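The values are calculated or read from the model by the stated rules, or taken from the named source; none is laboratory data. On a predicted model such as this, the values are computed, not experimentally measured, just so you know. For neighbour counting, all protein chains shown are included, and Cβ atoms are generated from backbone atoms with ideal geometry for every residue, glycine included. Surface areas here come from the heavy atoms of the whole protein model, side chains and all, with no ligands, DNA or RNA. Shrake-Rupley method; radii C 1.70, N 1.55, O 1.52, S 1.80 Å.
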Amino acid sequence: MTKKELLAVARKHGTPVVVIDHEVIRRNYANFRRHLPRVQAYYAVKANPAPEIVRTLYKAGASFDVASLPEFLLVHKNIERLPAKERQDFIWDKIIYANPIKPKETLQALDQYKPLLTYDNLEELRKIQRYAPHAGLVLRLRVPNTGSMVELSSKFGCDSGVAVDLIVEAFRAGLVVEGLSFHVGSQCTNFDNFVQALNIAAAVRQEALTRGHEIKILDIGGGFPVPYDDRVKPLRPLARKINAEIDRLFSKDMEILAEPGRYLVATAATAIARIIGKAFRDGKTCYYIDDSVYHTYSGIVFDHCQYRLHAFRSGENELSTVFGQTCDGMDIITQSEELPNLEIDDLVYSERIGAYSNASSTWFNGFAPAQVVHVNE
Ligand SMILES: Cc1ncc(COP(=O)(O)O)c(C=O)c1O
């Protein structure tokens with residue numbers, strides 16, 4: 001969006017405000033499909049659970065990765081109008097529940113939908129057997145997350161050495177393991193993680209086959225990197241590597257899916273905030289804005305992501321600090337942003353802030369989350 005359009009939104013709706021451009025979401029989805037034609041995209045709803053985004057991606061043809069019961073129900077609303085006989089295939093085609101750990105109450109609630117669920121350990125398998133016996137299973141593998149911005153392998157995924165035993169055990173328990181999955185870590189710029197993960201999955205699949213169990217689905221997870229800055233390589237060379245490895249390691253009838261989160265939504269959103277305070281500290285101009293790391297900028301803490309701040313006004317830049325609105329000392333947006341001399345009530349903005357941002361906004365200190373405005377829906 002142009003600066004003029006952003007200013008118009010801020011004037012109309014006030015600040016803090018997050019503007020989400022659905023044209024960009026559709027473009028990102030189309031890019032993903034173009035570069036990875038064998039891979040069906042299951043949008044990881046946690047990246048930004050706005051129902052408007054779910055609807056846009058659903059219309060574009062996407063499926064969904066959910067990781068909680070509320071996320072499941074949010075997506076399911078979109079498919080309940082289907083004829084009952086189509087629903088079973090359809091639910092697996094459209095939704096995977098990709099949180100390997102689920103409370104038993106969630107399993108009980110999900111069972112009626114005969115969902116596709118991930119698991120990565122024996123305790124979870126026993127819970128699924130007891131509380132969601134109609135589920136189809138996907139075994140999550142532990143794979144290298146080297147260099148990814150958000151590391152996930154210390155929390156989820158079974159070692160490949162025990163994978164086939166977990167598959168055999170599931171079949172023994174009367175369940176069916178339909179697929180294998182992995183996650184290379186979020187914002188993965190080390191493409192070798194994907195290559196190694198695909199090779200690990202192929203080896204597990206082969207060993208399972210020798211034990212009499214054919215795995216038909218491969219879920220290559222998320223991690224597709226967003227161009228937050230010029231150093232991030234584009235999707236195309238990564239996709240080429242992934243496509244080549246998939247073709248080499250898996251037969252044509254293997255169903256391949258992925259769970260892109262940030263890739264589909266990060267570049268679609270811009271946050272606009274207002275300067276509410278100004279001070280001079282430690283030799284630097286410090287601005288206070290009406291947003292914070294407890295709100296739209298939560299990705300600084302939880303997503304290890306740093307966002308640039310830009311001014312609408314032009315002028316000679318100087319190194320500045322920008323604080324959030326709360327009373328917490330750790331509420332620092334940046335200590336090294338180049339900004340012109342700004343006044344109270346001037347506006348600033350951050351681009352590419354659509355993933356893991358307002359999704360984890362809180363009401364800390366009595367401040368409401370930023371308004372969200374959807375354009376080009
Ligand atoms: C199971 C799972 N799938 C998909 C995603 C989305 O990852 P990304 O936003 O890196 O594409 C995540 C993120 O944490 C995840 O945990």
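Each peptide in 221-231, 44-54, 242-252 was scored by the mean count of other Cβ atoms within 10 Å over its residues; highest first, the order is 44-54, 221-231, 242-252. A simple charge model with +1 on the Cβ of Lys and Arg, -1 on the Cβ of Asp and Glu and nothing else charged puts the dipole of the stretch 22-265 at about 540 debye relative to its Cα centre.
Quotient of the Cα radius of gyration of the stretch 1-138 and 2.2 N^0.38 Å, N being its number of residues: 1.25.
For the stretch 122-242, the share of alpha carbon pairs falling in successive 5 Å distance bins from zero is 2, 12, 21, 20, 17, 12, 8, 5, 2, 1, 0 percent.
Between Q206 and K104, the modelled labels are 4.1 nm apart [label points 7 Å from Cα along Cα→Cβ].
The alpha carbon radius of gyration of the stretch 65-192, expressed as a multiple of 2.2 N^0.38 Å, is 1.08. Once the C-beta distance of K252 and K77 is scaled by a Förster radius of 35 Å, the resulting FRET efficiency is 0.55 to the nearest 0.05. Along its principal axes, the chain has C-alpha extents of 70, 40, 36 angstrom, given from the largest down. Only protein atoms count toward the accessible area here, which uses a 1.4 Å probe; on the chain, the carbon and sulfur part of that area reaches 50 percent. The stretch 279-353 and the stretch 195-268 have their alpha-carbon centroids 37 Å apart. Peptide packing: for 28-39, 334-345, the average count of neighbouring Cβ atoms within 10 Å per residue gives the ranking 28-39, 334-345, highest mean first.
Only helices enter this figure: runs of n ≥ 4 DSSP H residues, each worth -39500 (n - 2.57), summed and divided by the residues of the chain, yield -10000 deg cm²/dmol at 222 nm to the nearest 500. Database remark: amide H of V226 closer than 5 angstrom to no amide H (H placed geometrically; neighbours at sequence offset of 5 or more, or on other chains; Pro and chain starts carry no H).
Average accessible surface for the chain: 44 Å² per residue, computed with a 1.4 Å probe over protein heavy atoms with every protein chain in place.
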